[in-house]
């Protein structure tokens, strides 16, 4: 009995030391701050498709690659970072809340950039609708991770999107990508959230600049 009790005590302290929790955490992302918007009286656009094209791995051996202990559709559609234990082992993921996905966050950001660039954004439009520019987005990267330094931790976030705009027989392709780095003493949920928001804001500003530069006639 004493031997069993001793084993239980050792197991408890081992778990406490490694911090081996694999439970997920949930933290929303704030919308990018709007730039001075142009009048939305330009061409009509509809973001008709957003595909999350990220590839997840299960073991988490590469911090900059999306990963998770259980790769369910619910997890992969909402995860934007992988948390670490106190000794640096992969733990649970950092997910968006139940009513959001990475695809929905990207859609909202690009729709805002289009509207602020002078486009008239509509929610639904058929591919054959005359005068409506259909927009399709592929999410290639949307992930935050820690990089260990000598004195502190660098939290990085990378977002990359392929945006396709179909206007009748004309198709345009825009590649939007941004990487952000923040220094921190430790990698916390708040740090992952902030660096991801910084990267998302830069994607919004970049998209706004590129959309404004496109011909609108």
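The values are calculated or read from the model by the stated rules, or taken from the named source; none is laboratory data. Since the model is a prediction, treat every value here as computed from it, not as a measurement. Quick reminder, even Gly has a Cβ in these numbers, built from the backbone with ideal geometry, and neighbours come from all protein chains shown.
Brief remarks follow.
- Checking 86, 91, 113, 81 one by one, the residue that is closer than 14 Å to residue 161 by Cβ and touching a residue at least 12 places away in the same chain (Cβ under 8 Å) is 113 and no other.
- Selection from the range 145-165 of residues that are buried (at least 16 other Cβ atoms within 10 Å of the Cβ) and at pLDDT 90 or above: 145, 155, 156, 157, 158, 159, 160, 161, 162, 163, 165
- Among the residues of the range 199-210, those that are crowded, with 20+ Cβ neighbours inside 10 Å and in contact with a strand residue (DSSP E or B) (Cβ under 8 Å, 6 or more places away or on another chain) comprise 199, 200, 203, 207.
- Any chance residue 172 is touching a strand residue (DSSP E or B) at 6+ places or on another chain (Cβ under 7 Å) and more than 24 Å from residue 28 (Cβ to Cβ): yes
- Residue check, residue 107 out of contact with any strand residue (DSSP E or B) (no Cβ under 9 Å at 6 or more places or on another chain) and modelled with pLDDT of 95 or more: no
- Neighbours by Cβ (under 6 Å, 6+ apart or cross-chain): first from the range 161-188, on the phi > 0 side of the Ramachandran plot; second surrounded by fewer than 13 Cβ atoms within 10 Å (Cβ to Cβ) and assigned to a strand (DSSP E or B): none
- When restricted to residues that are touching a strand residue (DSSP E or B) at 6+ places or on another chain (Cβ under 7 Å), at pLDDT 95 or above and either under 15 Å from residue 160 (Cα atoms) or outside any helix (DSSP H, G or I) (or both), the range 183-198 contains 3.
- Residue under evaluation residue 85, criteria (1) at pLDDT 95 or above; (2) in contact with a helix residue (DSSP H, G or I) (Cβ under 8 Å, 6 or more places away or on another chain); (3) farther than 23 Å from residue 198 by Cα, criterion not met: (1)
- Hits in the range 68-82 - residues which are at pLDDT below 95 and either touching a helix residue (DSSP H, G or I) at 6+ places or on another chain (Cβ under 6 Å) or crowded, with 19+ Cβ neighbours inside 10 Å (or both): 68, 82
- Every residue from the range 38-63 that is loosely packed, with under 13 Cβ neighbours inside 10 Å and assigned to a loop (DSSP other than H, G, I, E, B): 39, 41, 55, 58, 59, 61, 62
- Among the conditions (1) closer than 17 Å to residue 48 by Cα; (2) in contact with a strand residue (DSSP E or B) (Cβ under 9 Å, 6 or more places away or on another chain), the only one that residue 130 does not satisfy is (2).
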